[in-house]
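Q: This is the structure I have questions about; it appears just below.
The values are calculated or read from the model by the stated rules, or taken from the named source; none is laboratory data. Since the structure is predicted, the reported quantities are computational estimates derived from the model, not experimental observations. Counting neighbours? That spans all protein chains shown, and the Cβs are built from the backbone with ideal geometry, glycine included.
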Amino acid sequence: MAADRHFTLVGAGLAGALLATLLAQRGFKVEVFERRGDPRIDGYAGGRSINLALAERGLHALRQAGADADVLRQAVMMRGRMVHPLGGEPQLQRYGRDDSEVIWSISRGELNITLLNAAEAAGAILHFDQGLASVDFEAGIAIFHDVHGNDHRHAFNALIGCDGAGSTLRGEMEKVTSLGERTEWLGHGYKELEIPPAFDGGFQIEPNALHIWPRGRYMCIALPNDERTFTVTLFMPNEGEPPSFADVRDGEDAVALFARDFPDALPLIPNLARDFDRNPVGTLATLYLDRWGLHGQAVLVGDAAHAMVPFHGQGMNCAFEDCVALADELERTDDIASAFIAYEKLRAPNALAIQTMALENYLEMRDRVDDDDYLLQRQLELQLAGRHPDRFVPRYSMVSFMRMPYATAFERGRVQRELLVEATRGKSTLDDIDWDWLDAEVAKRLAPLPAET
Ligand code: FAD
Ligand code: E0Q
């Protein structure tokens, strides 16, 4: 490995902190510049507790960095989706076969702090309150702005953009060469609210689940925090047929919406009106690029390269897979330019596949999880998974519990969906399934999966 290989990372969020750790552990020189303050000193931006679902892909990346145990210690297990129909009893839809197939709710702030500590322990140098302002690629100089308005000129060898969906580095690269950037706005936004602990200090609702209140064009979800609270997220169109953020404008409107459409959630959220008024409406979009790199000078990872809508809970998981892939490529060859290209070639088709599946999952979550035909297809899916465990694996499981490329999960998922639709067409129970035909079709259309995926 060439001794002069020095990487400058822009952004010390989730991907930046993990990538810094992985590269420093491989013996590279790593410097990281983060626009915000050090969350270990200043507290995490916003002070709100926001959480994320961590699945096998992200967990595996954390294992590579030796950070998995620290992260899991603060995590809450989620066995499945607790669906709250309007006027009915909540029902748990298990994600996996048993407790070996679960996902984890973790605090974004705590995860970031754990990874920043890991990065420093591995030898990375972190600079906070230093936001990338511009890049002179010809001179090899990046300019960072600090909070006092001072500029710092930094000579770089190679830049890695971990600066999120609104990436400044991407904008600077785009000025030199077209990346083919395209942003597709979802037209729906989100608002974060909080369920506090019960009077006795425990959780107010089932802690080991991801709660969903599906309502057709909009929905609420809640993920547990280890301090016995839940972070609730309301997803809703920005405008159009009510309700939307255009007509649910303030806390009072929100209380009325919850009283009508989420009556079991309303009493759990005592500060709903206040939180609604204080917290911003988040925007949601998918970002597509034709290119992620600029020769050997710069490359993008995570949301900076491929921001996605959050409905599969895979944005961070995918970003973490990117980090491992890039670190592995950089270790494999001394030529940074060819490592950047190999990384992009490996990851771009997979990023596109999970972006597509995340968009599909919004429709499924808000509109289908309580439908009869959906429930019948899910029953059949479970039966087929039991009959053909090496061939028929639910797409959710391929994405969340396995590490095969996302593009493979997407393609096999497409074949499986066709089978489920064909086999249940015109049927209302599994009693009428033609099993001989179906078992033969599974064997014909789905090759066995290799044992280690
Ligand atoms: P970020 O985490 O956004 O980090 C970017 C960092 O760069 C920040 O620290 C920022 O301050 C810094 N920065 C920005 N500009 C500059 C600059 N000019 N100079 C220096 N630093 C800069 N993913 C999951 O896997 N599971 C989930 O359950 C999940 N839920 C989600 C729910 C919602 C509502 C949303 C919006 C997203 C969710 N995601 C989830 C996606 C996940 O948040 C992102 O994919 C992940 O944060 C991407 O990491 P990143 O490091 O690329 O970007
Ligand atoms: C998960 C875990 C924001 C968010 C995060 C998630 C999930 C969902 C719905 C949402 C998908 C699922 N899901 O339950 O199918 O698995 O992360 Cl909205």
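Q: Filter the range 46-57 down to the residues that are out of contact with any Phe, Trp or Tyr (no Cβ under 8 Å at 6 or more places or on another chain) and over 30 Å from G149 (Cα atoms) and list them by number.
A: Within the range 46-57, N51, L52 qualify.
Q: Filter the range 178-193 for residues that are surrounded by 13 or more Cβ atoms within 10 Å (Cβ to Cβ) and not charged (D, E, K, R); which is farthest from A273 (Cα to Cα)?
A: If we take residues in the range 178-193 being surrounded by 13 or more Cβ atoms within 10 Å (Cβ to Cβ) and not charged (D, E, K, R), then L179 is farthest from A273 (Cα to Cα).
Yes/no per residue for (1) farther than 20 Å from D42 by Cβ; (2) in contact with a strand residue (DSSP E or B) (Cβ under 9 Å, 6 or more places away or on another chain); (3) touching a residue at least 40 places away in the same chain (Cβ under 8 Å):
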{"position": "L116", "(1), (2), (3)": "no, yes, yes"}
{"position": "A122", "(1), (2), (3)": "yes, yes, yes"}
{"position": "L126", "(1), (2), (3)": "no, yes, yes"}
{"position": "L132", "(1), (2), (3)": "no, yes, yes"}
{"position": "A142", "(1), (2), (3)": "yes, yes, yes"}
{"position": "D146", "(1), (2), (3)": "no, yes, no"}
{"position": "G149", "(1), (2), (3)": "no, no, no"}
{"position": "H154", "(1), (2), (3)": "yes, yes, yes"}
{"position": "G161", "(1), (2), (3)": "yes, yes, yes"}
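Q: Run N117 past the list (1) within 14 Å of ligand 1 (Cβ to nearest atom); (2) farther than 29 Å from I341 by Cα; (3) modelled with pLDDT of 95 or more and report the number of the one that doesn't hold.
A: Unmet for N117, out of (1) within 14 Å of ligand 1 (Cβ to nearest atom); (2) farther than 29 Å from I341 by Cα; (3) modelled with pLDDT of 95 or more: (1).
Q: Given I50, I41, which one is within 19 Å of the chain's Cα centre (by Cα), on the phi < 0 side of the Ramachandran plot and modelled with pLDDT under 95?
A: The unique qualifying residue is I50.
Q: Select from the range 15-35 the residues that are within 16 Å of A304 (Cβ to Cβ) and surrounded by fewer than 24 Cβ atoms within 10 Å (Cβ to Cβ) and list them in ascending order.
A: R35 - this is the single residue of the range 15-35 that is within 16 Å of A304 (Cβ to Cβ) and surrounded by fewer than 24 Cβ atoms within 10 Å (Cβ to Cβ).
Q: For A222, which of the numbered conditions (1) small (G, A, S); (2) away from ligand 1 (no atom under 16 Å from the Cβ); (3) crowded, with 23+ Cβ neighbours inside 10 Å fails to hold?
A: (2)
Q: Return the only residue of A61, A118 being crowded, with 19+ Cβ neighbours inside 10 Å, aliphatic (A, V, I, L, M) and closer than 30 Å to R366 by Cβ.
A: From the options A61, A118, the qualifying one is A61.
Q: Can you pull out the residues in the range 276-322 that are polar (S, T, N, Q) and either free of Cβ contacts under 8 Å to residues at least 24 places away in the same chain or in contact with a Leu (Cβ under 6 Å, 6 or more places away or on another chain) (or both)?
A: The answer is none; no residue qualifies.
Q: Could you tell me which residue of the range 1-13 is modelled with the highest pLDDT, considering only residues that are surrounded by fewer than 20 Cβ atoms within 10 Å (Cβ to Cβ) and assigned to a loop (DSSP other than H, G, I, E, B)?
A: Step by step, filter the range 1-13, then rank; the result is R5.
Q: Collect the residues in the range 413-447 that are touching a His at 6+ places or on another chain (Cβ under 8 Å) and not in a helix (DSSP H, G or I), keeping them in residue-number order.
A: L446
Q: When you look at L430, is it out of contact with any Lys or Arg (no Cβ under 8 Å at 6 or more places or on another chain), among the aliphatic types (A, V, I, L, M) and modelled with pLDDT of 95 or more, yes or no?
A: The answer is no for L430.
Q: Residue by residue through the range 53-108, note down the ones that are among the charged types (D, E, K, R), within 13 Å of ligand 2 (Cβ to nearest atom) and in contact with a strand residue (DSSP E or B) (Cβ under 9 Å, 6 or more places away or on another chain).
A: Within the range 53-108, E56, R79, R81, R94, E101, R108 qualify.
Q: Return the residue satisfying two criteria in turn: it lies in the range 125-166 and is in a loop (DSSP other than H, G, I, E, B) and within 11 Å of ligand 1 (Cβ to nearest atom), and of such residues it is surrounded by the fewest Cβ atoms within 10 Å (Cβ to Cβ).
A: G166
Q: Which numbered condition trips up N208, out of (1) surrounded by 17 or more Cβ atoms within 10 Å (Cβ to Cβ); (2) touching a strand residue (DSSP E or B) at 6+ places or on another chain (Cβ under 6 Å); (3) not acidic (D, E); (4) not in a strand (DSSP E or B)?
A: Tallying (1) surrounded by 17 or more Cβ atoms within 10 Å (Cβ to Cβ); (2) touching a strand residue (DSSP E or B) at 6+ places or on another chain (Cβ under 6 Å); (3) not acidic (D, E); (4) not in a strand (DSSP E or B), N208 fails exactly one: (1).
Q: Same structure, new question: For P237, state whether it is closer than 27 Å to D370 by Cβ, surrounded by fewer than 23 Cβ atoms within 10 Å (Cβ to Cβ) and within 25 Å of the chain's Cα centre (by Cα).
A: When the stated conditions are applied, P237 passes them.
Table: residues versus (1) touching a Phe, Trp or Tyr at 6+ places or on another chain (Cβ under 6 Å); (2) assigned to a helix (DSSP H, G or I).
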{"position": "A15", "(1), (2)": "no, yes"}
{"position": "T21", "(1), (2)": "no, yes"}
{"position": "V30", "(1), (2)": "yes, no"}
{"position": "I41", "(1), (2)": "no, yes"}
{"position": "Y44", "(1), (2)": "no, no"}
{"position": "L59", "(1), (2)": "no, yes"}
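Q: Of everything in the range 402-427, what is modelled with pLDDT of 95 or more, hydroxyl-bearing (S, T, Y) and either more than 16 Å from ligand 1 (Cβ to nearest atom) or within 21 Å of R79 (Cα to Cα) (or both)? Give them in sequence order.
A: T408
Q: Say whether the condition of being β-branched (V, I, T) and either more than 13 Å from E194 (Cβ to Cβ) or at pLDDT below 95 (or both) is met by at least one residue in the range 257-278.
A: No: zero hits.
Q: Turning to a different aspect of this structure: Keeping to the range 402-412, report how many residues are away from ligand 2 (no atom under 16 Å from the Cβ) and part of a helix (DSSP H, G or I).
A: Going through the range 402-412 one residue at a time, the tally reaches 4.
Q: Criterion first (in contact with a helix residue (DSSP H, G or I) (Cβ under 8 Å, 6 or more places away or on another chain), under 24 Å from F340 (Cα atoms) and not aromatic (F, W, Y)) does A24 satisfy it?
A: yes
Q: Can you find a residue that is outside any helix (DSSP H, G or I) and within 16 Å of ligand 1 (Cβ to nearest atom) anywhere in the range 384-401?
A: yes
Q: Here's something else I'd like to know. Note down all Cβ pairs under 7 Å where the first residue falls in the range 400-428 and is more than 18 Å from L375 (Cβ to Cβ), the second is modelled with pLDDT of 95 or more and of a type in the set (D, E), and they're at least six residues apart or on different chains.
A: Short answer, once both residue conditions are applied: S400/E56; F401/E56; F401/E101; M402/E56; R403/E56.
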